[in-house]
Amino acid sequence: MKQARRIGFLLLLLAGIYAMPAQAQQNDAIRPGEVWNDTDGNPINAHGGGMLYHEGTYYWYGEYKTGKTILPEGATWDCYRTDVTGVSCYSSKDLLNWKFEGIVLPAVKDDPGHDLHPSKVLERPKVIYNRKTGKFVMWAHVDSADYGKAAAGVAVSDSPAGPFEYLGSFRPNDAMSRDQTVFVDDDGRAYQFYSSENNATLYISLLTDDYLKPSGKFTRNFIKQSREAPAVFKHEGKYYIISSGCTGWDPNQAEIAVADSIMGPWKVIGNPCTGPDADKTFYAQSTYVFPVAGKKDAYIAMFDRWNKKDLPDSRYVWLPIEFKDGQITIPWKAQWSPASLETSNK
């Protein structure tokens, strides 16, 4: 009888092990360009994304891409696309293991005229927190399938994990808005950076105090230089923009520029990437840069390695930024961990 009970216990134990959910899986390092699974064991689906750190937790927002990748009939450039599904959100404490919080801004399937209808374009969502209003504000590039709308869409939420309420879209400062990001300065003022004038010029626009609209104050930068995919950060009082050239889904050489004032003027200081394939940004494109909480001089640059013919299988290239002898570089690393970054003495 004891032997039977022992066997029964072992069988139950084995059954429990095999039935354990995939969240037991732990990532021990960041491996740029490889499949990155969430805590449920599914590939993370957050493309063209951005990062928010709030009350000890990181929130990663991005385009949730599913379904077949198509090239619209009659396309005059490589405008491969998938139907809009929405904006995803993942949360993490360690930047390695990410819990899927869900689709926090879903597609609107029953209204073909809506900005978020599956037939439209929804790209590069970024979320910032407004301390005055207590709201989490999302900005994104919303567009028609032919990229003719070229507008910014705004949504708000009371929680970083959503759901977000969509408020609508517009052309900020009456100018086209495609690839974009948002940035909150140390004084609490927020800015939108966006490719405009058919992507020839990058606009920097001061937002209203509630972060929901342009204030009317803006500058035109990198005029006729065709820069897109802006990723902005601040270090030791100076402002930096990493951007890419305009070559559709195909990679090109990254560029970094520096300014003493967020509105410019900006000085181009070259390609920050070093190592194999640095001239093609490691076959990836910039999307966001964020400081690591509790670390000194620790910033992570987020890139997307687009797979234009199978966009849901696009990968993530995250790399630490290095500051040395007045130079800023992003060296290639096949594997690394945020725990290896320098710890702040603060």
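Being in contact with a Ser or Thr (Cβ under 7 Å, 6 or more places away or on another chain), of a type in the set (Gly, Ala, Ser) and closer than 19 Å to VAL104 by Cα is the filter here, so list the residues in the stretch 127-174 that pass it.
ALA152, GLY153, ALA161
Only one of these conditions is not met by TRP249: (1) assigned to a loop (DSSP other than H, G, I, E, B); (2) of a type in the set (Phe, Trp, Tyr); (3) crowded, with 20+ Cβ neighbours inside 10 Å. Which number is it?
(3)
Is it true that some residue in the stretch 232-242 is over 21 Å from PHE183 (Cα atoms) and surrounded by fewer than 18 Cβ atoms within 10 Å (Cβ to Cβ)?
No, because not a single residue in the stretch 232-242 is over 21 Å from PHE183 (Cα atoms) and surrounded by fewer than 18 Cβ atoms within 10 Å (Cβ to Cβ).
Let's see how each residue does on (1) on the phi < 0 side of the Ramachandran plot; (2) of a type outside the set (Phe, Trp, Tyr); (3) in contact with an Asp or Glu (Cβ under 8 Å, 6 or more places away or on another chain):
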site: ALA46; (1), (2), (3): yes, yes, yes
site: TYR53; (1), (2), (3): yes, no, no
site: ALA75; (1), (2), (3): yes, yes, no
site: CYS79; (1), (2), (3): yes, yes, yes
site: VAL87; (1), (2), (3): yes, yes, yes
site: VAL104; (1), (2), (3): yes, yes, no
site: SER119; (1), (2), (3): yes, yes, yes
site: ARG124; (1), (2), (3): no, yes, yes
site: ASP143; (1), (2), (3): yes, yes, yes
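Name, by its number, the condition in (1) touching a residue at least 40 places away in the same chain (Cβ under 8 Å); (2) of a type outside the set (Ser, Thr, Tyr); (3) more than 20 Å from TRP306 (Cα to Cα); (4) part of a loop (DSSP other than H, G, I, E, B) that does not hold for GLU73.
Condition (1) is where GLU73 drops out.
Taking ALA107 as the residue in question, decide whether it is farther than 30 Å from TRP336 by Cβ, surrounded by fewer than 23 Cβ atoms within 10 Å (Cβ to Cβ) and either hydrophobic (A, V, I, L, M, F, W, C) or in contact with a helix residue (DSSP H, G or I) (Cβ under 8 Å, 6 or more places away or on another chain) (or both).
So ALA107 passes the test.
Filter the stretch 293-346 for residues that are out of contact with any helix residue (DSSP H, G or I) (no Cβ under 6 Å at 6 or more places or on another chain) and of a type in the set (Val, Ile, Thr); which is modelled with the lowest pLDDT?
THR343
Residues of the stretch 110-124 being assigned to a strand (DSSP E or B) and either more than 18 Å from PRO214 (Cβ to Cβ) or touching a helix residue (DSSP H, G or I) at 6+ places or on another chain (Cβ under 6 Å) (or both), which ones?
Across the stretch 110-124, the qualifying residues are VAL121, LEU122, GLU123.
Does the stretch 181-189 include one or more residues that are surrounded by fewer than 15 Cβ atoms within 10 Å (Cβ to Cβ), part of a strand (DSSP E or B) and of a type in the set (Asp, Glu)?
No: zero hits.
The values are calculated or read from the model by the stated rules, or taken from the named source; none is laboratory data. Just so it is clear, the model here is predicted, and its values are computed rather than measured. Virtual Cβ from ideal backbone geometry, glycine too; neighbours counted across all protein chains shown.
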